[in-house]
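Working notes for the structure below.
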Amino acid sequence: MKRTWRKKIGAVVALLAAVAVLGTGCGADAAGAVESRTRETRALGLLLSREDTFLSELKADIEAEAAAQGYAVQYYNAGNDPETQLRQVHEALAEGVETLLVNLADGEDSEKVADIVGDAGVVLLNRAPGTAILNERMVFVGMDEAGSGALQGHALAEYFWETDHGTDIRYLLFQGMPGQENTDARSGTAVQSLLDDGFCPIAAADYQVCGFSRERARQAMAALLEQGVDFDCVICDNDEMALGVIEALEAAGYTGLVGYELFPARSTREAVKAILDAG
C-alpha cells in the first residue's frame, strides 16, 4: 500500500495571549504599558509570508477572535518575498500598528525585523527565528519542529510494524525550504525516528524541494509517478505539500491512501479563545 501523510496543525497559536504578555520579562509596569498601548490602538498587524490552506485558516481564526475581543487586524501578504515583508513591517509601523504578528518569509530575517520595530511588540508565528533574539518585546509562538517530524516517523513505524512490511522502507521526502529550521528539523527527525524504531529508511528518489507549495508538490509527485519510482510512503514537511501529493496520487488512480492527523483537530480560534478566557 502506498502511504501519504497529512499533517494538520490545529491549535498552534496563542497569539492574542502572547500580545497581552509581551512585556512580562520587564515587570508589571512594562507589561501594563504594552497592554495599554495595544488597547488604545486596538489594532494588530498580521504579516504572513504567503497564503496557503494552513495560513489562510490561521488568518481567518485570528481575525475572528481578534474581532470578538475588540481588535482590528491589518493584514499584509508578502507573497513569499522577504524584502516585501520587511517593507510591510515599515508600512505597518507607519500606519500606527504597535503590535505585529509576523510569520517570517525567511527565518533568518528575525534580526532585521527586530532592528526595524524598535519598541513595538512582535509575536513571531509558526516559523522559528534563525537567531537567538527573543526577549520580552519579541516572542515566538509555534510548534516543536523536531517533535512533529518525530511523530511522523514513529507513526510510520507503527503502521509498518502492524502490517508486517519488513524493515526496508523506501520513502519519498517532500521538503519546504532546506536550510530553514522548520524544514531541516522536520525532515531529519522523521527519517531518524524510522531508524530509531528499527527500520532501514531508503530514499526512493532525490528529496523533492517544493517550498511548502501544494501545486509544486503535486507536479513533483506526478513526475515521480510518471518515472515509475517505487516507494512505500511519502513524508511531507507540511500539510499543503501533502495535499498536493494526495491530488497527484488520486489522479493516477491510487486508492486506499492512509494519512494521520498528528495534532488535535481543535480549531485555531477555539485555541485562542481558550487561552484568552484562561488569562
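Read-outs: derived from the displayed coordinates by stated rules, not from any lab. For clarity, every value in this text was computed on a predicted model and none was experimentally measured. Don't worry about glycine lacking a Cβ; one is built from the backbone with ideal geometry, like all the others, and counts go over all protein chains shown.
A few points about this structure:
- Normalising the average separation of contacting C-alpha pairs (under 8 angstrom, six or more residues apart) by the number of residues puts the relative contact order of the range 114-164 at 31 percent.
- Distance from the range 130-170 to the range 72-92 (C-alpha centre basis), Å: 29
- Loop-located trypsin sites (Lys or Arg not before Pro) in the range 50-149 (DSSP state other than H, G, I, E, B) with a sparse environment of at most 15 neighbouring Cβ atoms within 10 Å are absent.
- Pairs of Cα atoms farther than 15 Å apart, the range 145-251, %: 59
- Under 5 Å between amide hydrogens, built in the peptide plane, is the criterion, and for ASN238 it picks out nothing among residues at least 5 positions away or on other chains.
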